[in-house]
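See structure below.
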Amino acid sequence: MIETHGARALGFQNAEKLTFHKFKGMMRPLLIDYLQHLLAVSRLKTVKSKIISMGISEEEKNEILEPSDITLVISGGFFFDRDSLIVTYQNENGVTVPLAGASSGVAQLVALLFSLPSKLNDFENIPFIVVEEPEINLHANHQLKVTTLLAKIARFTNLIVTTHSEYVLQKFAHLLAENQIDGLKVYFIDPKTHKASLVGLKKETGEIELLCSIDEAVESLAGEGICLMEKSNVADDSV
């Protein structure tokens, strides 16, 4: 109900009371935080229109994330209705749907953009930002785009990213070589020992050591390919 009709569906006057008291024990903590954030945004005195773009105004001189950054990442834009508290996605063709009706990848990216600081003064009290697995539900091309966006944020604060994606790691390494980010450290956490080890990285060329887990997967696929080729050769010889 919240996803399709907005948080106001809980009741305009009593939404906050019902959500944070009566239903608190029944709701996921992140959902509660989400509703608190939307209700707080809806009460901002600076919001002048019913529909406001979450992209940064071109009149802002201290903008970090520009409308073009958002369009590049999600191939469109997204908007917030302060009356219904519904987040709406609009693609490049102008088709508009509630965020719940968009793809899982778009929904994840909008959630990320919604929470990232967008102006210089937003970083005053932010010592670091943690982003967990930005590659989930994303095509490889979009993994590269979101990595570029995160690198832009990393110029203004410390950024910690957890990932299983070789694309994300390699893109960060290339951005380091291109001087798009100041520093990069990559750690591999062994799932068996839970110990972290520093991964080799060449700043000049953007070369990065292949992680153990990825290396194992590559070798496994290569082994399977060799076996299939051998079987095919045997079959050809028998004919």
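The values are calculated or read from the model by the stated rules, or taken from the named source; none is laboratory data. It should be emphasised that the depicted structure is a prediction, and the values quoted were computed from it without experimental measurement. Positions of Cβ are generated from backbone atoms using ideal geometry, with glycine treated the same way; all protein chains shown enter the neighbour counts.
Table for the structure above
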read-out: When residues of segment 74-93 are limited to those that are in a loop (DSSP other than H, G, I, E, B) and at pLDDT 85 or above, the one surrounded by the most Cβ atoms within 10 Å (Cβ to Cβ); value: Ser75
read-out: Test: residue in segment 121-133 that is at pLDDT 90 or above, more than 18 Å from Leu65 (Cβ to Cβ) and not in a strand (DSSP E or B); value: yes
read-out: The lone exception for Ala107 - which of (1) outside any helix (DSSP H, G or I); (2) of a type in the set (Gly, Ala, Ser); (3) in contact with a helix residue (DSSP H, G or I) (Cβ under 8 Å, 6 or more places away or on another chain) it fails; value: (1)
read-out: Sole exception among (1) in contact (Cβ under 8 Å) with a residue 12 or more places away in the chain; (2) surrounded by fewer than 15 Cβ atoms within 10 Å (Cβ to Cβ); (3) over 19 Å from Gln143 (Cα atoms) for Lys231, by number; value: (1)
read-out: Options Ile189, Ile181; residue that is more than 20 Å from the chain's Cα centre (by Cα) and either at pLDDT 90 or above or closer than 26 Å to Pro127 by Cα (or both); value: Ile189
read-out: Only listed residue being under 22 Å from Leu150 (Cβ atoms) and at pLDDT below 90, chosen from Leu221, Leu210; value: Leu210
read-out: Residue that is more than 28 Å from Val199 (Cα to Cα), loosely packed, with under 15 Cβ neighbours inside 10 Å and without any contact (Cβ under 8 Å) to a residue 60 or more places away in the chain, where the choices are Leu120, Leu113; value: Leu120
read-out: Test result for Val161, surrounded by 18 or more Cβ atoms within 10 Å (Cβ to Cβ) and out of contact with any Gly (no Cβ under 6 Å at 6 or more places or on another chain); value: yes
read-out: Top-ranked residue in segment 195-239 [being among the charged types (D, E, K, R) and not in a helix (DSSP H, G or I); ranked as farthest from Val168 (Cα to Cα)]; value: Lys195
read-out: Some residue of segment 142-157 being without any contact (Cβ under 8 Å) to a residue 24 or more places away in the chain, over 10 Å from the mean Cα position of the chain (by Cα), surrounded by 14 or more Cβ atoms within 10 Å (Cβ to Cβ) and part of a loop (DSSP other than H, G, I, E, B); value: no
